[in-house]
Amino acid sequence: MFKKKRPLQSKSEIVLRNIVVTFLVVYMGIFLVVPIVMAFLGSFHLWNPLNGTYKFIGIDNYIRMFQYPTFWTAMVNTLIFCAVVVLFRVLLGLGLAYAITSKMTRHKTFFRTVFYMPTVTPLVAVAFVWKIMYNPQFGLIDQVLGLDVNWLYSSSLALPAVMLMTIWKDFGYAVILFMSGLLSVPSDYYEAAHIDGANAWQTFRNITLPLLKPTMIFVVITSIISYLQAYVPVMVMTKGGPGTTTYLSSYLVYDQAFVKYNFGYASAIAFFILILTAVLTVVSFKVTGEKA
Amino acid sequence: MKKRVMSGTLFVVLILAGILTVVPFVWMVLSSFKTNAEISSLNQTLLPQEFTLNNYTSLQSNFNFLRYFANSVFIAVVVTVLVIYISCLCGFVLSKYEFKGKNLIFGFVMMTMMIPWSVTIISRYTMFMKAGLQDTYLSLILPVMVSGFGIFMMKQDISGLPDELLEAARIDGANEFSIFHRIVLPMSKNSISAIAIFQFLWIWEDYLWPYLMIDSEEKQLLAVGLTTFNGRYSTDYGGLFAATTISIIPVLIIYVIFQKRFVAGVAAGAVKG
C-alpha cells in the first residue's frame with residue numbers, strides 16, 4: 001500500500017500542526033540547542049560557577065584533558081565496560097530468548113516477566129543492594145561462594161563487580177527484544193530448512209541470525225549510547241575507587257562538574273563523550289553492514 | 001528421548017537464570033526484616049531468625065522517608081502524564097501530517113535521545129539557577145516533559161493506524177482534536193503503557209538533577225533520599241535494606257500488573273525502529 005501525500009485541509013489540522021510545530025521548535029531551542037551551544041562555548045573557558053569565573057582560555061581545557069592520566073583511565077575503563085557488558089547483554093539476551101521461545105518451553109510469560117524484573121527497578125536502589133552483596137564480611141556473594149574477597153576495594157575486581165551488576169540489571173531488556181525478533185521469523189522458513197535437512201545450528205546460523213540483525217543493531221547501539229553515560233553504579237558502589245580504577249567517562253564529568261565545579265573542563269570532557277558516542281554509533285552501523 | 005533431554009536442559013537453564021535474577025530481591029526483602037546484628041553476623045541464614053519491623057519503623061522516625069516517597073510518586077505521575085500526552089500529540093502530527101520541515105523537526109527529536117546528559121546538564125543547571133527555578137518542582141518537570149523516546153515510539157505506533165479510519169471520522173465532521181482524543185489515544189494503549197513504565201522509572205531513579213535542583217529536605221525525591229540516608233547512617237544496613245525495598249517493590253508491582261501490555265509496546269517500538 002502506498003501513501004498518498006495528502007495536503008492539509010481543514011482549519012483544525014492547520015491549528016493542531018502549528019501548535020505542535022511551535023511547541024517543539026521553542027522547546028528544542030531552549031532545552032537542546034541553547035545548552036549544547038553554551039556547553040561548547042564553555043569548554044573554551046575557565047568556568048567556575050561558585051566564584052563566578054568565566055574566562056576565555058582557548059583550547060587549554062582540551063589540552064589538560066588529554067594530559068590528565070585519569071581521563072585516559074576513565075576512557076579505557078569505559079570502553080572495556082561497554083564491550084564486556086554489551087557482549088554479555090547480547091549473548092544472554094539471545095540465548096535466553098532462544099530458550100524461552102523454543103517450542104519445548106512452557107511458562108514462557110513467567111520467565112519473560114522474571115528476566116525483565118531487574119530492568120524495571122531503580123538503579124540507585126539496586127546499586128546499594130549490590131554494594132552490600134559485595135561486602136566481604138556478610139555480603140551474599142562471599143557467603144554463598146565461601147570466599148573472602150573484598151570485591152569493591154580490589155583494584156582488579158572492582159570494575160568487573162560493577163560490570164556484573166550492570167549485566168544483571170540490563171540483560172532482560174535484550175531478552176524481550178530478541179524474543180519479539182525470534183517470534184517474528186515466519187515459521188515456514190524453519191519448515192523449509194527442516195525439509196532440506198538442516199540441523200538446529202545450521203538453521204540458527206543461516207536463518208535466525210540474519211533475520212535478527214535489526215534487533216541486534218538496535219540492542220548494540222542503544223546499549224553503547226547508554227553505557228557511555230553510566231555514572232550511577234560507580235557513584236554508589238565505588239566512587240571511582242580504589243584509586244581511579246573504576247572511573248568511567250561520565251562519572252568523570254559528574255566528578256569534575258558537580259563535585260569540583262570545573263564547569264569548563266567538564267564540558268570539554270562531555271564534548272569528547274558526545275563525539276565518541278557519534279563515532280561508535282557510526283562504527284557499529286558499519287560493522288553490522290546496515291545503512292545509517 | 002533426545003527431545004526430552006533437550007527440553008529438560010532448557011528448563012534447568014531457564015530456572016537457574018531465573019533464580020540468579022530474583023536472588024538479590026529476595027535477599028533484600030528478607031534482610032529488611034532482620035536486625036542489624038543478624039545482618040552483619042558471620043553465620044547467616046536466608047530467613048530472619050528474629051523477625052523485626054524495626055528497620056521500617058525507625059526509618060520513618062529518623063528520616064522522613066514516606067515524604068520522599070510521596071514526592072517521588074507525585075513528580076513521577078505528573079511527568080509521566082505530561083510525557084504521554086505530549087508524545088502522543090507530537091507522534092500523531094509527525095506521522096499523519098505532511099508538511100515542510102517535518103523531517104528536520106523529527107531529526108531534532110531523535111537527537112535528544114543521542115545527546116549524552118553530560119553535554120546539556122551543566123548549561124541547563126546554569127540556566128535554571130539564573131532563572132531562579134532552584135528548589136521548585138517546575139525545575140524537575142520542565143526539562144523532561146518532552147521525551148525523544150516517547151515521541152519516537154508514538155510516531156512508530158500511530159503511523160500504523162489506517163488512514164481510512166481517520167478519513168472516515170473527518171468525513172463525519174470530527175475535527176482533529178476529537179479525532180486525536182477519541183481515536184488515536186485509545187488505539188495506542190500498548191505503546192502508552194510501555195512509555196508510562198519507562199518514564200515513571202526514569203523519574204523514580206533519576207538522581208543527579210533533583211540532587212542539583214532541590215535544596216529543602218521536605219521537597220527532596222526518593223533516589224536522593226536513599227543516598228543521603230546512606231551517607232548519614234552508613235552502618236544501618238537494616239535501614240538501607242528497608243529503604244531500598246520501599247523504593248523497589250512499588251515499581252515491580254506496577255510492572256507485574258501491566259507487563260503484558262508493556263512487553264507488547266516495547267517490542268513493537270523496537271522491531272519497527
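Details
- Among the helices (runs of 4 or more DSSP H) confined to the stretch A:116-194, the ones with at least 3 residues that are within 30 Å of A:Pro214 (Cα to Cα) and open to solvent by less than 10 Å² (accessible area, probe 1.4 Å) are located at A:158-183.
- Checked against the criterion of being surrounded by fewer than 18 Cβ atoms within 10 Å (Cβ to Cβ) and under 25 Å from B:Thr120 (Cβ atoms), the candidates B:Asp215, B:Asp206 yield just one match: B:Asp215.
- Options B:Leu46, B:Leu10, B:Leu42, B:Leu16: the member that is more than 9 Å from every other protein chain (Cβ to nearest Cβ), aliphatic (A, V, I, L, M) and either surrounded by 12 or more Cβ atoms within 10 Å (Cβ to Cβ) or not in a helix (DSSP H, G or I) (or both): B:Leu46
- Hits in the stretch A:101-111 (condition: within 7 Å of another protein chain (Cβ to nearest Cβ) and open to solvent by less than 40 Å² (accessible area, probe 1.4 Å)): A:Ser102, A:Thr105, A:Phe111
Residue by residue, here is whether (1) under 30 Å from A:Tyr134 (Cα atoms); (2) among the β-branched types (Val, Ile, Thr); (3) in contact (Cβ under 8 Å) with a residue 24 or more places away in the chain holds:
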{"residue": "A:Tyr231", "(1), (2), (3)": "yes, no, no"}
{"residue": "A:Met237", "(1), (2), (3)": "yes, no, yes"}
{"residue": "A:Gly243", "(1), (2), (3)": "yes, no, yes"}
{"residue": "A:Ser249", "(1), (2), (3)": "yes, no, yes"}
{"residue": "A:Asp255", "(1), (2), (3)": "yes, no, no"}
{"residue": "A:Ala268", "(1), (2), (3)": "no, no, yes"}
{"residue": "A:Leu274", "(1), (2), (3)": "no, no, no"}
{"residue": "A:Thr277", "(1), (2), (3)": "no, yes, yes"}
{"residue": "A:Ser284", "(1), (2), (3)": "no, no, yes"}
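- Taking the stretch B:192-273 and the helices (runs of 4 or more DSSP H) fully enclosed by it, the elements with 2 or more residues that are more than 10 Å from chain A (Cβ to nearest Cβ) and within 14 Å of B:Asn71 (Cβ to Cβ) are at B:208-213.
- Of the listed requirements (1) within 30 Å of B:Ser234 (Cα to Cα); (2) modelled with pLDDT of 95 or more, B:Gln44 misses just one: (2).
- Unmet criterion (only one of (1) more than 9 Å from chain A (Cβ to nearest Cβ); (2) among the polar types (S, T, N, Q); (3) open to solvent by less than 10 Å² (accessible area, probe 1.4 Å)) for B:Ser58: (3)
- Per the conditions (1) touching a residue at least 24 places away in the same chain (Cβ under 8 Å); (2) over 30 Å from A:Ala270 (Cβ atoms); (3) of a type in the set (Asp, Glu), the sole criterion not satisfied by B:Asp172 is (1).
One line per residue, one yes/no per condition, for (1) over 22 Å from A:Val85 (Cα atoms); (2) at pLDDT 90 or above; (3) not small (Gly, Ala, Ser):
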residue	(1), (2), (3)
A:Thr101	yes, no, yes
A:Val114	no, yes, yes
A:Ala125	no, yes, no
A:Lys169	no, yes, yes
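- Residue within the stretch B:182-191 that is over 17 Å from the mean Cα position of the chain (by Cα), within 8 Å of another protein chain (Cβ to nearest Cβ) and free of Cβ contacts under 8 Å to residues at least 24 places away in the same chain present: no
- The single residue among A:Thr53, A:Thr101, A:Thr105 that is in contact with a Lys or Arg (Cβ under 9 Å, 6 or more places away or on another chain) and β-branched (Val, Ile, Thr) turns out to be A:Thr101.
- Residue check for A:Ser223: under 24 Å from the mean Cα position of the chain (by Cα) and under 30 Å from A:Ile57 (Cβ atoms): no
- Selection status of A:Tyr98, more than 20 Å from the chain's Cα centre (by Cα), surrounded by fewer than 18 Cβ atoms within 10 Å (Cβ to Cβ) and touching a residue at least 12 places away in the same chain (Cβ under 8 Å): no
- Listed by first and then second residue, the pairs with beta-carbon distance under 8 Å, at least 6 apart or on different chains, first residue in the stretch A:14-25 and within 7 Å of chain B (Cβ to nearest Cβ), second open to solvent by 60 Å² or more (accessible area, probe 1.4 Å) and in a helix (DSSP H, G or I), are A:Leu16/B:Phe177; A:Leu24/B:Phe108.
The values are calculated or read from the model by the stated rules, or taken from the named source; none is laboratory data. Just so you know, these numbers come straight off a predicted model, no measurement behind them. Note that we place each Cβ from the backbone using ideal geometry, even for glycine, and neighbour counts take in every protein chain shown. Accessible surface areas use protein heavy atoms only, side chains included; no ligands, DNA or RNA. Shrake-Rupley method; radii C 1.70, N 1.55, O 1.52, S 1.80 Å.
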